[in-house]
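Quick notes on the structure that follows.
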Amino acid sequence: MQKFGFIGLGIMGSAMARNLIEAGFDVTLWNRSPEKGAPLGALGARTAPTPRAVIETCPVTFAMLADPEAAEAVCFGPGGVLEGITPGKGYVDMSTVDAAASRKIGAAVSARGGRFLEAPVSGSRKPAEEGTLVILAAGDRSLYEEAMPGLDRMGKKILFLGEVGSGANMKLVVNMVMGGMMAILCEGLALGEKAGLDQADILDVLDAGAIANPMFRLKGGLIARGEFTAAFPLRHMQKDLRLAVGLGDRCGQPLHSAAAANEGFKRARQMGLGDEDFSALYKAIR
């Protein structure tokens, strides 16, 4: 039985770890709030007291953390990942971070003889639960192959994109586009409502034409019903837009639409909507 570690049991991580456990892998967990591991422990997972202990126990460890700050703290902090890395150990960071943070972690792991793979994902709560994420991997090819049985249980499409940083950049581009799409959808629904149009009719027209897409179909209906339970928290989308705008600065690429969307999500966070779904941007726009 292949052994995997899993660090980070938030909305995404808990669902991804559950898929590994239910597939029959021997899984060892760590989360900053230990109580989040209890339901997975009941399914047969082991728990460890520190990230270091997870790494020491498992040949390959996955991590799914909130942002670059959390990813670096878990790697470099006391009792962290780096302390457990020995030659041959594999660390797969699936967090959404910028390329600089990913390269920093990867270089530190490699310096201790370990292997590093970044593997951010495209998808939110439901795809994580269903094991249908899109996984954007880059880094050590041997680790990619060794981790594939686990990745295959978490994703429907798994790409190897080359050197560390490519996966992080791809994820930021994808989420930048998604954030911009959400912003214009919310503006359209708000404008239509104030112009006397029925939101169901707006969504029906959008779904019948060239710009029909699954996100408008799903999120539009939830917005119309006033349902904003987090599948992808708004604060995480704003973080991703911030990182994408920063990438644009470094590449010399103007990102007028993304910057405007980022400001909208920042305003929504200031209104206290950060822990709601990113579609709660509608409340700020309306």
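The values are calculated or read from the model by the stated rules, or taken from the named source; none is laboratory data. Please read all numbers here as calculations on a predicted model, not as lab measurements. Neighbour counts run over all protein chains shown; Cβ positions are idealised from the backbone, glycine included. Quick note on the areas: whole protein, heavy atoms, side chains included, nothing else; ligands and nucleic acids left out. Shrake-Rupley method; radii C 1.70, N 1.55, O 1.52, S 1.80 Å.
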Inset, instruction - Can you confirm whether the stretch 66-89 contains a residue that is closer than 24 Å to GLU145 by Cβ, among the small types (Gly, Ala, Ser) and open to solvent by 10 Å² or more (accessible area, probe 1.4 Å)? - result: yes
Legend entry - Residue that is farthest from LEU234 (Cα to Cα) [pool: residues in the stretch 186-207 that are among the aliphatic types (A, V, I, L, M) and open to solvent by less than 90 Å² (accessible area, probe 1.4 Å)]: ALA195
Inset, instruction - For the stretch 20-46, name all the residues that are in a strand (DSSP E or B) and open to solvent by less than 40 Å² (accessible area, probe 1.4 Å). - result: ASP26, VAL27, THR28, LEU29
Inset, instruction - Evaluate the following for LEU82: is it over 17 Å from GLY114 (Cα atoms), free of Cβ contacts under 8 Å to residues at least 40 places away in the same chain and not small (Gly, Ala, Ser)? - result: no
Inset, instruction - Can you tell me which residue within the stretch 251-286, out of those that are open to solvent by 70 Å² or more (accessible area, probe 1.4 Å) and either of a type in the set (A, V, I, L, M, F, W, C) or in contact with an Asp or Glu (Cβ under 9 Å, 6 or more places away or on another chain) (or both), is farthest from PHE216 (Cα to Cα)? - result: CYS251
Inset, instruction - Could you give me the residue pairs with C-beta distances under 8 Å whose first residue belongs to the stretch 136-154 and is free of Cβ contacts under 8 Å to residues at least 12 places away in the same chain, whose second residue is not basic (Lys, Arg) and not in a helix (DSSP H, G or I) wherever it lies, and which are 6+ apart or on separate chains? - result: MET148/ILE158; ASP152/ILE158
Legend entry - Options ARG235, ARG225, ARG242: the member that is over 23 Å from ALA100 (Cβ atoms), at pLDDT 95 or above and open to solvent by 30 Å² or more (accessible area, probe 1.4 Å): ARG225
Inset, instruction - Read through the list (1) in contact with a helix residue (DSSP H, G or I) (Cβ under 8 Å, 6 or more places away or on another chain); (2) closer than 24 Å to LYS126 by Cα; (3) of a type in the set (A, V, I, L, M), then give the number of the only condition that ALA260 fails. - result: (2)
Inset, instruction - Run down SER124, SER102, SER95 and say which single residue is crowded, with 18+ Cβ neighbours inside 10 Å, hydroxyl-bearing (Ser, Thr, Tyr), under 24 Å from LEU172 (Cβ atoms) and at pLDDT below 95. - result: SER124
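Condition check: surrounded by 20 or more Cβ atoms within 10 Å (Cβ to Cβ), small (Gly, Ala, Ser), closer than 21 Å to GLY139 by Cα and more than 22 Å from the chain's Cα centre (by Cα). Does GLY114 satisfy that?
So GLY114 passes the test.
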Legend entry - Meets criteria (under 21 Å from the mean Cα position of the chain (by Cα), of a type in the set (A, V, I, L, M, F, W, C), within 21 Å of LYS126 (Cα to Cα) and not in a helix (DSSP H, G or I)) for ALA17: no
Legend entry - Cβ-Cβ under 8 Å pairs, at least 6 apart or on other chains, the stretch 37-48 side at negative phi, far side open to solvent by 60 Å² or more (accessible area, probe 1.4 Å) and at pLDDT below 95: THR47/PRO34
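ASP152: open to solvent by 60 Å² or more (accessible area, probe 1.4 Å) and closer than 30 Å to ALA268 by Cα, yes or no?
no
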